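The values are calculated or read from the model by the stated rules, or taken from the named source; none is laboratory data. Just so it is clear, the structure is predicted and the values come from calculations on it, not from any experiment. All Cβ positions, glycine included, derive from the backbone under ideal geometry; neighbour counts span all protein chains shown.
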Amino acid sequence: MSMKDDYLRENGCFNSNHASVTADAFASSPFFDARDIVQVKYEMVRAASGGESSVTEIAEAHGFSRKSFYQAREAFDAGGLCALVPKKTGPKGPNKLNTGVQEFIFSFLKEHSGAKSGQISAALENEMGIKIHPRTIYRHIKKN
């Protein structure tokens with residue numbers, strides 16, 4: 001594995017499906033790298049703008065489905081090249097801190113000034129049956 005592969009993996013841009021890229025540009029020029037998913041998506045969108053082949057053929061030659069092609073084109077049209085960089089997957093924030101829990105935390109703090117996050121966590125578990133780590137509560141209080 002090369003340093004470039006490591007860099008692409010670290011930044012979420014490694015195309016794990018690079019073996020299925022059969023587009024001529026990637027086979028004939030060392031400039032084009034099928035392992036770079038941003039480059040593959042860009043070249044796929046660019047190839048379709050010429051209208052020389054069908055979207056299905058272009059998508060298959062670049063290792064993607066038609067649906068993925070349309071998603072890439074929409075993203076590119078909306079945000080340019082940066083929009084083709086894959087987004088981080090997974091939760092984007094704490095999922096247990098819904099509105100009811102947040103209200104409970106701040107009302108508990110009003111009633112018990114100086115309460116520690118561990119005390120709030122225990123009270124949440126006793127009264128609402130929800131386990132939230134004290135550190136999560138601490139970060140929420142500090143943020144708000």
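Can you name the residue in the range 3-36 that is in contact with a strand residue (DSSP E or B) (Cβ under 7 Å, 6 or more places away or on another chain) and within 13 Å of G63 (Cα to Cα) and, of all such residues, is surrounded by the most Cβ atoms within 10 Å (Cβ to Cβ)? Show your work before the answer.
Step one: list which residues in the range 3-36 are in contact with a strand residue (DSSP E or B) (Cβ under 7 Å, 6 or more places away or on another chain), which gives 5, 8, 13, 15, 35.
Right, trim to within 13 Å of G63 (Cα to Cα) and you get 15, 35.
Working: N15: 22, R35: 20.
Checking each candidate, the answer is N15.
The residues of the range 1-55 that are of a type in the set (D, E) and in a helix (DSSP H, G or I), listed by number, are D5, D6, E10, D24, E43. A single entry from L97, L109 fulfils the requirement of being part of a helix (DSSP H, G or I) and either over 14 Å from N144 (Cβ atoms) or out of contact with any strand residue (DSSP E or B) (no Cβ under 9 Å at 6 or more places or on another chain) (or both): L109. Close contacts from the range 56-81, counting a first residue that is over 9 Å from K41 (Cβ atoms) and outside any loop (DSSP other than H, G, I, E, B) and a second that is charged (D, E, K, R) and modelled with pLDDT of 95 or more, with Cβ to Cβ under 8 Å and a gap of 6+ residues or different chains, come to T56/R66; A59/R66. Please enumerate the residues belonging to the range 95-111 that are without any contact (Cβ under 8 Å) to a residue 12 or more places away in the chain and either charged (D, E, K, R) or touching a helix residue (DSSP H, G or I) at 6+ places or on another chain (Cβ under 7 Å) (or both). Correct list: E103, K110, E111. Confirm whether A123 is in a helix (DSSP H, G or I) and closer than 25 Å to S20 by Cα. For A123, the condition - in a helix (DSSP H, G or I) and closer than 25 Å to S20 by Cα - is not met.
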